[in-house]
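The values are calculated or read from the model by the stated rules, or taken from the named source; none is laboratory data. Predicted model only: the values in this text are computed from it and were never measured. Cβ coordinates were reconstructed from backbone atoms using ideal geometry, including for glycine residues, and neighbour counts include every protein chain displayed.
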Amino acid sequence: MPRLLDSLRRQTFTGWSVLFIDGPSGPEHRAVLDQLCHQDARFRWQPQDPAEPGIFAAMNQGFAAAAPHDWLLFWGSDDWAPALDVLERAMAAIEDLTAQAAPPDLLVCRGRYVKGSRPGRATAFRWRGTYRRSLFLGSTPPHQATLIGPGARSRLSRYAPGFRLSADLDYFLQLCRDPQLRVQTLDLELVHMALGGVSGVQHRRRLQEVRRAYQRAFGCCWPFPYLLRYAQRFLSALA
């Protein structure tokens, strides 16, 4: 968490705020959160509802706590901003797009996994003319690098139950059912992410959930985006 906090405090854009959803951690960790929030009012925290465990249930609490006009980023404690101006550049893009026409519902940037001090695999959304076509061809917005706007939340304001590892994929797939959804990509490396996590070891469950998400979005055509998704990841790993 120190790397996350330091990267946020150093941002040239200062209008951000952070809500920590804390699971069943001990009193020492919660004392640290209390002190952090006392020192900087941009930080807040709340305990996670014990009746709804898991990372995506915590993120649903973030959805529920957001003000109507907020733009949301879901980061974990081992994610961080890679440069001092990334939030400023993202918000400037949103302002420019809003001035030109209607604001986007999703602003999709890029991310990168990092192991130690070595940069690893990049995460990016490959645009193929339309949002739904891009998803069908196997690409997905990386959730840590995607700002979720008020328009997207007015359509879908919770991750679906039953997904422990792939609720973010299901969320973006369900949004593509609306042809009026406005999606904008931005060539900006917004976030760095530490390698690891539960989804990196529970391979079988993840594959099952990914299949279910594509079935919900594309019906009997689900094998095409499913196979293309992993073909792209294989090629990305080789690059």
## Note on the structure
Checked pairs for the stretch 113-135, first closer than 13 Å to Glu189 by Cα and part of a strand (DSSP E or B), second modelled with pLDDT of 90 or more and of a type in the set (Gly, Ala, Ser), C-beta under 6 Å and 6 or more apart or across chains, list as Thr123/Gly111
### Query
What do you reckon, is Thr185 in a loop (DSSP other than H, G, I, E, B) and within 25 Å of Val86 (Cβ to Cβ)?
no
### Task
With the condition kept exactly as written, say whether any residue in the stretch 201-217 is among the β-branched types (Val, Ile, Thr), farther than 17 Å from Leu73 by Cα and surrounded by 14 or more Cβ atoms within 10 Å (Cβ to Cβ).
yes
### Query
Is it the case that Ser134 is at negative phi, of a type in the set (Ser, Thr, Tyr) and over 17 Å from the mean Cα position of the chain (by Cα)?
yes
### Summary
Only one of Arg89, Arg132 is over 29 Å from Pro24 (Cβ atoms), among the basic types (Lys, Arg), at pLDDT 95 or above and buried (at least 19 other Cβ atoms within 10 Å of the Cβ), namely Arg132
### Task
Determine whether the stretch 176-194 contains at least one residue that is under 16 Å from Arg229 (Cα atoms), crowded, with 20+ Cβ neighbours inside 10 Å and at pLDDT 95 or above.
no
### Query
In the stretch 68-86, how many are modelled with pLDDT under 95 and out of contact with any helix residue (DSSP H, G or I) (no Cβ under 8 Å at 6 or more places or on another chain)?
0
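A quick yes/no check of all residues on (1) closer than 21 Å to Val191 by Cα; (2) over 23 Å from the mean Cα position of the chain (by Cα); (3) among the basic types (Lys, Arg); (4) at pLDDT 95 or above:
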{"residue": "Arg30", "(1), (2), (3), (4)": "no, yes, yes, no"}
{"residue": "Asp34", "(1), (2), (3), (4)": "no, yes, no, yes"}
{"residue": "His38", "(1), (2), (3), (4)": "no, yes, no, yes"}
{"residue": "Asp49", "(1), (2), (3), (4)": "no, no, no, no"}
{"residue": "Ile55", "(1), (2), (3), (4)": "yes, no, no, no"}
